[in-house]
Structures are given as structure tokens and as C-alpha cells.
Amino acid sequence: MSKHEKFIEIIENGAELLQGELNKDSKFYCISHLDADGVTGAATLTKVIRSHNGQINYRFTHSLRNDLIDSITENQKLFDFLIFCDCGSTSLDYILSKFQNKCILVIDHHKTAQVIPSNEKVAHINPWLVGIDGTQSISAGGLAYLVANRVEKHIEMSPLAVVAAIAEWQDSKGELIGYNDEICQEAEAQKYIKQEEDIRLLGRQTYSMLNLLFISFPVLPSLTADLNACKNFLSSLNINEKQRWIDLEEDKKNQFWEALKSRMKGKLPENIISSLYGTVYTLLKEKEGTMKRDAREFGFLINACGRRGQAKIGLEVCLKSDYETYKRAVDLFEDDTNKLFVGIKDVTDSVNEKENVTYSISDKIEPNLIGTVCSMVLSSRVSDPNKILICLAQTEDKVKFSARCHSPLVKEGINLGDALKKAANIVGGYGGGHTNSGGGYIKMAKFEDFIEELDNIIGLQLKKD
């Protein structure tokens, strides 16, 4: 069989297992990663389960550790079917040892060395199992959609799969590819999604023009976080700073884009500048001028809910259309954004260099923001693009870390998830992730040893002495 045929087979195995338990009126328990990828996947599965009058409860987590799995075993009588969304692949052996009599569905896209289980009560859905790259081709939210759609058609959930892919930066090469693209094409054919060429700054639906620049993502050197510079830039173009991007006439949009390109020349690499304008994904069933209308904004909205400890609100935003739920999520997003920029400033003010690693440690960044801070700093090119970037948030005696690297380094041999796992294990911590991103925890006392080990491991991956 081809990779595609094997992939479809494991999707169908998962759908068959889920369908069988839905017919038995089983009770479901979902353990999901609290980011947009995990939450959209959980929402899609919830839609199918509830359409069969099934009951489902949730546990959202930043990382699936053994102690969390242990805590779930204490409540085994409360559920029949256990779902892991955007997590579980690297912990499958431990999960199976703890839940030997339960049906288990693992939906994950993190790289794993696991094999497809032979147990008929277990379905493991992961593209890496059949040699398909889970970093770019499909997200956990996309996998959940493919499984759910084989139980029964829910094309209206396809936009959430697109949101998941965008939130995972699987459009980093300019557009979605692989199974993500297939899902998007299906959604577009049914008028749920529109692909179009537009500005790719966060906030094109909702931000004022001033905020589009002042709290911009990606970071724009000489504009981001500089209020006077942003005001002067807009004034020079005769653009009202209170207007939104969607309110501008086409000629003003073109004028803005040309001026922004000129402003960024020499401050950002040409490929980064060109990526600021390109394919965007508009959710046509959502109200214009809301964060749910744009796939990237929607992903940021859900992520903010998770980081504020309110992932359930993010899930409700995916399933409901009422203003009250949406407003609660927006309030969390605004609070989250303010804290993000405190973290970004602290990181950029305290960058340290090793041979293969750029790192920054801070006690001012909230641990649940460290991944986003790291992504934003990397995109700003403040750090050396030829090294990995790792940001660390200190809380008492523990350090939570998140690392990122640019795609050319992956082509040169870097597997960041493997490197983080090895370095953290050496110092008694926990780490892992994808080829170009990852995170984990270590003890503060082991911080310097961890950085040294990581630098050495990255050097070996790059075949440096």
C-alpha cells in the first residue's frame, strides 16, 4: 500500500472505533492539548459525539505527563472511551499500561517512533506512523476532522481544521499543503472558506491600523511597540489610525503595503518581507470584523483562552455563535496580548549566545506564554537565524522552556524535538516536540547544564565539532 492508503486506513480504524462506541451510548473523556490545535480537534469530536447524544468531559493540559495520566486512572468508572487529542503518541505505552480495559483513541501529529497498535480497542492516528510529515501536512485538528467526517459528514467543521493548521504555522511556506490543502479545498467548495491574497499581519479583521502595527505579529522592527513611530508612519500615508484594515479602500491598502515593504527593507530578510502579504483564509460563515472571521486571528483567540487557563471557553467559541461567549474569549485575548509584549521586550533585552544556541531566561514571563513569545521573537529576526532560539521562563525552582528554529536549519539536520528531549533527560527534566519547535521543563539548578548539553547536541546534529 502507498503512504496515502495506509494513512486512510488508520483514519478509518479510528472512525470505526469511535462509531462503535457511539452506538453503545458510551461516556467519553477527552484529554487535549490546550492550544488551538488541540481545542479545535476536541471541538470537532464533541460535535459528532453530541450529535449522537453522547456525553463528553474534558481535561486540557499543556503537556501530557505520567502523573497527569495517573490522576485520570482514579476516575476510570466515569468514562468508557478515552480520547487524547494533540497528545498521547509519545506516551502510548504508559497509557496502555494504565487503561487496559478502555477503548482509546489517540489523535496526534507529533513525531513518534511508536507502531500502529494491534489491540482492537485502541486506535492510534498519527501521520508519522506511515511516513507522512506531521509538521506540515496535517494538524491534530485536521486529523480529528478526518476521523469525525468518516463517522458522519460535518463539513461545517472544516474551517476549524484550517484554523488548527494555521495556528500550527503549517502555512509557513506561504500556503497550506498536503491534507490541510485538501480539507481547505473542500471547505472552499462548500463556501465555508475563502482563500485570498491580503496582508498577513495579525488583526486584519479587528485591529485598528494603529494596533495592526503597534502590537503587530510578526514583529516589525522600528514599528512594533513604538507608538510614535506607528503614528508617524500612518500619518505619512494619510491613514486614519482608528480605521481597521478591512475598512480601507484598495488604493490605501496598496499604498500601505508598498510603504511597509520599503520600511522593512534592510530590517528583515526579503523572504520574510514578502511573506507579510500572501494567502489568507477567511471564514465566510463568521461575522465580518470579528476574530472568528480570519483563520489566524481565530487561532490566536483560542490560544489565548488556553494560556489564560480557560481552554473550555476556547472550545465553546468553536461550537457556539453567541456574542457573550465570544466576548469572554476576546477579553482573555486582550489580557493575554498585554502580557505577551512584556515578555517579548524582556527576552529581546537579554539575549545570550552559544555556538549553536541563542537563549534568554526571564522571571517576568508567564510560563504559559513562553512558546508564543519565542515564536514572535524568532519571527522578528532579533536572534541569529543560523542558531536555534530557546526562551526560558523561571518560576521559583523550575524553568519552563520553549525553542524554535527556522526551516533551513531543519534541512541542515536539526531535529529540535529530539535535541530538547535528550538534553532535558540528561539533566533530569522533560522535553520534546517537532523538528522545528518544542518545549519542556527543567530544574533551575540545572539551567546552565541544560543549555550546555543542548548546544552540544545541536552541534552534533549539524555535524559540527
Sequence of Lys320, Lys400 once ranked by neighbouring C-beta atoms within 10 Å, starting from the fewest: Lys320, Lys400
For Asp294, which sequence-distant residues (separation of 5 or more, or a different chain) have an amide H within less than 5 Å of its own amide H, given hydrogens modelled in the peptide plane? Leu283
Region 197-344 - Debye-derived log10 I(q)/I(0), Cα point model, q = 0.12, 0.14, 0.16, 0.21 Å⁻¹: -0.51, -0.70, -0.90, -1.38
P(r), alpha carbons of region 350-461 - 10 Å bins starting at zero, rounded %: 16, 55, 27, 1
Note the full-extension length gain between Asp384 and Asn271 as 0.36 nm times their separation in residues minus their Cα-Cα distance, in nm to one decimal. 39.1 nm
What list of ³J(HN,Hα) couplings, whole Hz, do you get for region 341-351 from phi and the Karplus terms 6.51, -1.76, 1.60, once you set θ to phi - 60° and write x for glycine and proline? 6, 5, x, 4, 5, 5, 5, 5, 8, 9, 7
Could you name the aspartates and glutamates whose alpha carbon sits less than 12 Å from that of Lys98, not counting residues in the same chain fewer than 8 places away? Asp67, Asp70, Glu74
Which entries in the list Lys327/Lys421; Lys102/Lys312; Lys3/Lys312; Lys24/Lys327; Lys47/Lys121 go over 28 Å, if you measure between the two C-alpha atoms of each? Lys327/Lys421; Lys3/Lys312; Lys24/Lys327
Rounded to whole Å and ordered largest first, report the semi-axes of the equivalent ellipsoid of the chain derived from its Cα gyration tensor (root of 5λ). 35, 28, 20
Region 292-339 pair-distance distribution - Cα-Cα, 5 Å bins, rounded %: 5, 26, 38, 24, 6, 1
In whole Hz, what ³J(HN,Hα) sequence does region 114-120 give by Karplus (6.51, -1.76, 1.60; θ = phi - 60°), x for Gly and Pro? 5, 10, 5, x, 8, 5, 5
Got a sec to turn the phi values of region 169-184 into Karplus ³J(HN,Hα) couplings, 6.51 cos²θ - 1.76 cosθ + 1.60 with θ = phi - 60°, whole Hz, x for Gly and Pro? 6, 7, 9, 4, 8, x, 6, 6, 10, x, 5, 4, 5, 4, 5, 5
Spatially proximal aspartates and glutamates relative to Lys411 (Cα-Cα < 20 Å; intrachain offsets below 8 disregarded): Asp133, Glu168, Asp171, Glu175, Glu270, Glu355, Asp384, Asp455, Asp465
Counting sequence-distant residues (5 or more places) and residues on other chains, those with an amide H built under 5 Å from that of Lys398 are Met444
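Taking 0.36 nm per residue of sequence separation and subtracting the Cα-Cα distance, how much length would be gained by fully extending the chain between Lys98 and Asp335, in nm to one decimal?
81.5 nm
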Within a 10 angstrom radius of the beta carbon, how do Thr40, Thr46, Thr348 rank from fewest other beta carbons to most? Thr348, Thr46, Thr40
By Cβ neighbour count within 10 Å, fewest first, Ile183, Ile31, Ile246 rank Ile246, Ile31, Ile183
Might you report the magnitude of the Cβ-based charge dipole of region 197-344 about its Cα centre, with Lys and Arg at +1 and Asp and Glu at -1, to the nearest 20 debye? 300
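May I ask which of Lys242/Lys400; Lys253/Lys285; Lys345/Lys443 have a Cα-Cα span longer than 26 Å here?
Listed pairs above 26 Å: Lys242/Lys400.
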Under a crude label model (7 Å from the Cα following the beta-carbon direction), how far is Leu460 from Gln243 in nanometres? 5.7
Once both labels are modelled 7 Å past Cα along the beta-carbon direction, what's the Asp449-Ser235 spacing in nm? 5.6
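A short reminder: the numbers here are calculations on the coordinates, not readings from a lab. Owing to the predicted nature of the structure, the values given are computational and were not obtained by experimental measurement. Heads up, the Cβs are rebuilt from the backbone with ideal geometry, glycines too, and the neighbour counts pull from every protein chain shown.
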